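Presented below is the structure to which this report refers.
The values are calculated or read from the model by the stated rules, or taken from the named source; none is laboratory data. These numbers come from a predicted model, not from an experiment. With ideal geometry, Cβ positions are generated from the backbone for all residues, glycine too; neighbour counts draw on all protein chains shown. We work out accessible area using only protein heavy atoms, side chains counted, and drop any ligands, DNA or RNA first. Shrake-Rupley method; radii C 1.70, N 1.55, O 1.52, S 1.80 Å.
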Amino acid sequence: MTCAVWCLAAIVSVGWTRHGGSSSMIWPANAILAAAALCIRNFNWRLFPPLLLVLSTMVNLGDHRPWVTSVGFATANLVETVLAVLLTRRFSPISGFFEYPGWAFRFAVATVVAVICSAVIAAEALYLSEGRDWLGGAMAWTMAHLPGLLITVPVLLALNPYDTKGSADHDAPSRLVVIGLMALVAGAAIVVYRQSHYPFQFLLLPPLVLATYHLYAKGAALAVAIIAMIGSYFIFTDVGPVMPFHGPDSLRVYIFQLDLATIFFCALPLGAVLTQRDQKALLAERRLRDFRHLADRVGDVLFRVDAFGRWSYLNPASEQLFGVPVEYRLGQHMLESVIPEDRVALSRALAEIVSGSREDLRQIVSICRRDGTIRHVEILAHRLDEDLGYGGLIRDVTDQLTQDEQNRQIAEANEHAANTDELTGLPNRRAFFQTLHACLAQRTSKIAVAIFDLDHFKLVNDRYGHPVGDVVLRRVASTVLASVRDSDMVARIGGEEFAVLITDQNPEQAISLARRLVRAVSSDSIAIPSGPTLHVTISMGIANHQPGEEHAALIERADQALYAAKRGGRNRLMIADATLTSQPADSA
């Protein structure tokens, strides 16, 4: 079908526009074939070259051309069409013909190269076969074929109803507006070409630009097609602004075609710019729609605040957080819902963002909802462009903070349980040694360790039972704890074995405190429910820390002093010296 259309256009051009035995003055046939090759996705390139050669040769033979001229013209048509298509695809990709202003320029360059190559072949055929002037033949071929490609190919591409690659998704004008624009173009073309006295071609530009503005590339193509038909009619009836030019008829036709190509290629970049504008606006609209779609479904509050601290955007999640509809919150100051205690620090940080001294902030504040409840929120804000304020995200962290506090309390309880003796409530062996290690690591001066256990405690358990033994242990623990300072530590480190960590006391003061503990236990009476009143005693050993001494050596000396107290008769205090020996103190 494409080759049939090409053949029809070629026969019409040869029959109506040929002059002086040279080539035709108007040649749109190759442009029709090139446009088809560019538009048809599965164009048959194997069938096209031989078919074009045969058809072109037959058309020229039918015009009584010699065989050499006919074959030369056929070869020139084939070279021109193939080069135009290949160069256009190479330097001006067909994906989005009218989306880029530079497309028209690159297409024009590709067309000029293709026509020059075909003109060389055609002129050589005319020279060899008919003896015509080589340069004149090349010029005639170029002036006929170049405008045909420059005008017809873009017109056909723009009017192709199956091509949507270059069309922008914009609101198309109504059919009445399209008819009105084309009527305006037709009226201007009639005014310009129905008279031969004045060069009014510039009057074609306003309606052409107007049609391009409303209809983009398709509007420019329709307008040029109407101008071409009206102008051709008047020129071939010897009327028009090109008539005053002296010379052959071909010169007037060439000038007319160049006028059309010029105004068309002035309109195409405008259509491309408008197409890009609409595509970018459409892309921005789609991205904004996608953003709002996501923002409406985000559980956290997305916000934007102007330079004066007033809400300018809030997503629907803000209604659940603040308890106020979005439309009532917009325009209000951001700090209104923040409790007074947190306003100063937040206001200072936000002012730094607005001034540009910082780019972002992350801060936790408390807000008061409309129903009076207090919620804790984390604000993550980032500075926007100059004079546009800042925006970011607000996350409700009340439950998280509550959970964190509960976890902290649980961890503290577990830590306390791990470091506390369940029976007496005193620190256990683990806690005692942790504290002792910490004191030694801090190089705390004046450290003394006293270790004691109950005398003959096994007899108490055997005679009165373990419950009574537990009562005795608790009473001894409370008695010792009441006799030490708050800075001292009393711990149960074994069954009936206890330890006392004494700090910030010189050796004499530590020994005096140890003596008071032994006396306090021995003088205490322990009333047993439904039983007798018991008196128990303790044996104690004490060791003062020596410079550079490790905790194991310190504990060992205190332990040896305890054993010495037991061997010395119990109910007494023994003091360890620096040589890990012991000497008796006054009996308790």
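Taking residues in region 379-405 that are part of a loop (DSSP other than H, G, I, E, B), and partners anywhere that are open to solvent by 70 Å² or more (accessible area, probe 1.4 Å), the pairs with Cβ atoms closer than 7 Å and at least 6 places apart or on different chains are Gly389/Arg304; Val397/Ile364.
Among the residues of this structure, Ala527 counts as one that is open to solvent by 60 Å² or more (accessible area, probe 1.4 Å), of a type in the set (Gly, Ala, Ser) and either free of Cβ contacts under 8 Å to residues at least 40 places away in the same chain or in contact with a strand residue (DSSP E or B) (Cβ under 8 Å, 6 or more places away or on another chain) (or both). With respect to the stated conditions, Gly425 fails to be on the phi > 0 side of the Ramachandran plot, of a type in the set (Gly, Ala, Ser) and under 29 Å from the mean Cα position of the chain (by Cα).
Of the set (1) closer than 18 Å to Asp396 by Cα; (2) in a loop (DSSP other than H, G, I, E, B); (3) aliphatic (A, V, I, L, M), all apply to Leu321 but (2).
Looking at region 335-345, is at least one residue under 28 Å from the mean Cα position of the chain (by Cα) and open to solvent by less than 70 Å² (accessible area, probe 1.4 Å)? No. Scanning region 430-460 for residues that are small (Gly, Ala, Ser) and surrounded by 15 or more Cβ atoms within 10 Å (Cβ to Cβ) yields a total of 3.
Scan region 280-307 for residues that are at pLDDT below 85 and within 29 Å of Ala351 (Cα to Cα) and the total you get is 8.
Quick grid of which residues meet (1) within 30 Å of Glu497 (Cβ to Cβ); (2) modelled with pLDDT of 90 or more; (3) exposed (fewer than 10 other Cβ atoms within 10 Å of the Cβ):
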position	(1), (2), (3)
Asp396	no, no, no
Asp399	no, no, no
Thr402	no, no, no
Asn407	no, no, no
Ala411	yes, no, no
Asn414	yes, no, no
Asn419	yes, no, no
Glu422	yes, no, yes
Asn428	yes, yes, no
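For region 465-488, does any single residue satisfy the condition of being touching a Lys or Arg at 6+ places or on another chain (Cβ under 7 Å) and in contact (Cβ under 8 Å) with a residue 12 or more places away in the chain? The answer is yes; a qualifying residue exists.
Go through (1) surrounded by 11 or more Cβ atoms within 10 Å (Cβ to Cβ); (2) more than 11 Å from Val305 (Cα to Cα) and name the single condition Ser357 misses. Among (1) surrounded by 11 or more Cβ atoms within 10 Å (Cβ to Cβ); (2) more than 11 Å from Val305 (Cα to Cα), the lone unmet condition for Ser357 is (1).
The residues listed here are Ile555, Ile502; of these, the one that is touching a residue at least 60 places away in the same chain (Cβ under 8 Å) and within 22 Å of Phe433 (Cβ to Cβ) is Ile555.
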